[in-house]
Amino acid sequence: MKLKKTHDIESISISLEGNQIVIGGWVEDLRKLGKMAFLTVRDVTGIAQVIVKDITLPEDLTRQTVVMVQGIVQATKARDFTYEIKAVSIDILTKAIHPLPIDPIGRLESNIDNRLNARALDMRNQRVAAIFKIRSAVLASLRKTFLEKKFIEITTPKIIGSASEGGANLFSLEYFGKKAYLAQSPQLYKEQMTIGLERVFEIASFYRAEKSHTGRHLSEFTSIDLEAAFMDYTDVIQILEDLVVQVFRDVLTNCQKELAILERQIEIPNVPFERVTYSQLINELSKKGVELKFGDDLLDSHLRMVGESHPGLFFLLDWPMSLKPFYIHPKDDDLLISRSFDLQYGHLELSSGGRRLHDPKILRARISEQGLDPESFEEHLRTFDWGMPPHSGWGMGLDRLMTVIVGTDNVREVVLYPRDPERLSP
Ligand code: AMO
């Protein structure tokens, strides 16, 4: 069985006219015209037209069958191609058995559930593949910027023995006769790692047992996390802004083909991103007839109104301490206001973070104030006695960032095998 390609399809052009080449891919289309046949064969890089003239077409060649085609590059009259391949031999490697669960070319539209049930086949739709190629470019861009800024990549445990940030949204599991949980965030570990490594980042899956049925919540999501010693929240806000802008730049530079397939136009965001305080938003909402007091949370309906007047990227700063997790640091001049922020894209929260408490006495008190049990945080609190530096950080949802880049309002479109309360497989 032939396995070795001489070329990826995107590397073939009419400049190879007369050359013999071998491509491998999937039959996307098949037309028989008398003694001739026209195939289109797609690999991950592109699509080529194959003419079958003097050889016999293998019997039962079905669409989406995987083939290796040996042939000669020649000029073409076809409108959609700049060359064609005259087949010398066609080997079937594995036949696609029809009917297939979805039409991966997208001529027959399938709903998202059917597509997710056949995700591997869905990936042969070039619009879908484009999203995941962009996702890969976004990850590469993020890692590049983190490393340039002298951050060290870490991998923290996902199976943990006690609730990392408190709260009820943890999945539990049985761990050799003990109760364990799936980590909802690397929060405590990344903070601990500022002792010694100073500047760390992690890109990994985390888990939230929330029964949310929205386009922005998943039970398993990819978080981009940063934590940095000797930095205040304004410093890590700046890093977040730089990182996001660089992602847009890199996607524009490296993913032109994918953006064109998606018919998606993006622009590099203007800097600095707008910075709006929580109190300013409360005032803005009050002018729109929504009366909120300092300390009230901003609900989705409020954020949707906010998104109308702030449709792009902006930082929402200085949340009330009462709305923030126990580890967030207050302002020096007003203990009711925190040194925290969210990065918003209109109504959509992309990231949240802030300066952390690094004094263990104050941290212990805050844990109790929030109704959590300091006992269950003792292991974590111990590390604060070993020289915990002042530090700040944030977590950003990669999946949500991807929805902004590719222009969809459903996070399931940008996650390979999404997990939500209804979906646990494939
Ligand atoms: P938070 O809980 O706000 O903060 O999460 C940070 C970001 O992660 C993304 N996110 C989600 N994405 C998809 N589905 C979900 N269920 C989901 N939950 C969260 C969002 C969100 O803005 N430890 C802090 C971060 C920090 O302070 O460093 C934290 O986890 O984009």
Subject >> Value of relative contact order over region 80-214, rounded to a whole percent, pairs C-alpha under 8 Å and six or more apart >> reply: 18
Original post:
Any idea what the dipole of region 107-225 comes to, in debye rounded to 20, about its Cα centre with Lys/Arg Cβ at +1 and Asp/Glu Cβ at -1?
Top reply: 440
**OP:** With unit charges on the beta carbon (Lys/Arg positive, Asp/Glu negative), name the residue among S223, F201, P269 whose Cα is farthest towards the positive pole of the charge dipole of region 195-323.
**Re:** P269
**OP:** Would you mind working out the accessible area per residue for region 325-426, using a 1.4 Å probe, and quoting it in Å²?
**Re:** 42
**OP:** Take each of the peptides 189-202, 413-426, average the number of other beta-carbon atoms within 10 Å over its residues, and list them starting from the highest.
**Re:** 189-202, 413-426
Original post:
From largest to smallest, what semi-axes in whole angstrom does region 70-113 give when each is the square root of 5 times an eigenvalue of its alpha carbon gyration tensor?
Top reply: 30, 18, 6
Original post:
Counting alpha carbon pairs within less than 8 Å and at least 6 residues apart, what relative contact order, in whole percent, applies to region 279-426?
Top reply: 16
Subject >> Among 219-232, 107-120, the order from most to least packed when residues are scored by Cβ within 10 Å on average >> reply: 219-232, 107-120
Original post:
How many percent of the alpha carbon pairs in the chain exceed a separation of 39 Å?
Top reply: 34
**OP:** Grab the eigenvalues of the alpha-carbon gyration tensor for region 269-375, scale each by 5, take roots, and send me the semi-axes largest first in whole angstrom.
**Re:** 27, 15, 12
Original post:
Of D318, D373, D409, which has the most accessible area with a 1.4 Å probe, and how do the rest follow in descending order?
Top reply: D409, D373, D318
**OP:** Report, in debye and to the nearest 20, how large the dipole of the chain comes out about its Cα centre when Lys and Arg carry +1 and Asp and Glu carry -1 on their Cβ.
**Re:** 1540
Subject >> Largest-first ellipsoid semi-axes for region 129-282, taking √(5λ) over the Cα gyration tensor eigenvalues, angstrom >> reply: 29, 21, 18
Subject >> 22 Å Cα-Cα reach of K150 towards lysines, excluding residues that sit fewer than 8 places from it in its own chain >> reply: K190
Subject >> Cα-only radius of gyration and Dmax that characterise region 1-128, units Å >> reply: 14.7, 46
Original post:
Which whole-number percent gives the relative contact order of the chain, counting Cα pairs below 8 Å spaced six or more residues apart?
Top reply: 13
Original post:
With respect to the cross-link table entries K86/K257; K53/K86; K158/K178; K32/K53; K287/K331, which display a Cα-Cα separation exceeding 18 Å?
Top reply: K86/K257; K287/K331
Original post:
Got a sec? Charge dipole of the chain, +1 on Cβ for Lys and Arg, -1 for Asp and Glu; which of V247, N111, L323 is way out at the positive end?
Top reply: N111
Subject >> Two-decimal log10 I(q)/I(0) for region 107-193, as the Debye equation yields it once each C-alpha is a single scatterer, q = 0.19 Å⁻¹ >> reply: -0.93
Original post:
What per residue convex hull volume, in Å³, comes out for region 267-306 when only alpha-carbon positions are used?
Top reply: 91
Original post:
Can you name the helices of the chain, as whole DSSP H runs, whose Cα span along the helix axis is 20 Å or more and whose Kyte-Doolittle mean is not below 0.0?
Top reply: 126-148, 233-254
Subject >> Which of L348, L39, G307, positive extreme of dipole for the chain (C-beta unit charges) >> reply: L39
**OP:** Could you list the trypsin sites (Lys or Arg not before Pro) in region 128-176 that lie in coil according to DSSP, counting only those with at most 11 other Cβ atoms within 10 Å of their Cβ?
**Re:** K150
Subject >> Long pairs among K95/K133; K4/K144; K133/K288; K179/K324, criterion Cα-Cα beyond 30 Å >> reply: K4/K144; K133/K288
Original post:
Where the only charges are on Cβ atoms (+1 Lys, Arg; -1 Asp, Glu), what is the dipole of region 36-156 about its Cα centre, to the nearest 20 debye?
Top reply: 560
**OP:** Report the convex hull volume per residue for region 339-406, counting only C-alpha atoms, in Å³.
**Re:** 121
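The values are calculated or read from the model by the stated rules, or taken from the named source; none is laboratory data. Because the structure is predicted, anything quoted here is derived from the model rather than measured. We place every Cβ from the backbone using ideal geometry, glycine too, and count neighbours over all the protein chains shown. Side chains are part of the model used for accessible areas, which takes the heavy atoms of the whole protein and leaves out ligands, DNA and RNA. Shrake-Rupley method; radii C 1.70, N 1.55, O 1.52, S 1.80 Å.
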